[in-house]
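Here's the structure, in structure tokens; my notes come after.
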Amino acid sequence: GEMERTLSSIGENSIHDFVSTIGTYHRGKIADIEVDTSSGDGSDIVADHFHLNCVSIIHLIRLMIPKLVRGASQILICTASLATLARSPYSLQSATKTAIKAFIDTLRIELKGDTRVMNIMPPSVDTRIFA
């Protein structure tokens, strides 16, 4: 796909640091989320949110691993620290951030000795996103 084509020009064993801060945000109780059938494409905010916050990051990291310098590289993933805690009305946000945290924790074990893997969990920042 698109990611593969974009990354094909980067040589293997050539990247020292990979940082991902990709993600989207959703606020609302899970029972209040409705599937939008008006577009005819079967849009589903739950599936879309998991795709961007989890699936796309996992695919991107999978494609990046061969490009990282073995023994001298690191993967840094930025997740919101409070988002991994169960709290309402952020159930969807908590679910996706917790899923990617679990993936990163496992990736750290798999890449031990080759690549340093860290999950950065910054504190809350006072922005309009929580208003």
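Throughout, read-outs are computed from the coordinates displayed, never taken from laboratory work. As the structure is a prediction and not an experimental result, all values here were calculated from the model. Backbone-built Cβ (ideal geometry, glycine too); neighbour counts: all protein chains shown.
So the values come out like this:
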{"read-out": "Rg/Rh for the chain, where both radii come from Cα atoms and Rh is the Kirkwood radius", "value": "1.02"}
{"read-out": "Highest average packing first - 92-101, 6-15, 58-67, 106-115, Cβ atoms within 10 Å", "value": "92-101, 58-67, 106-115, 6-15"}
{"read-out": "FRET efficiency estimate (nearest 0.05) - Cβ-Cβ, Asp126 to Glu4, R0 35 angstrom", "value": "0.35"}
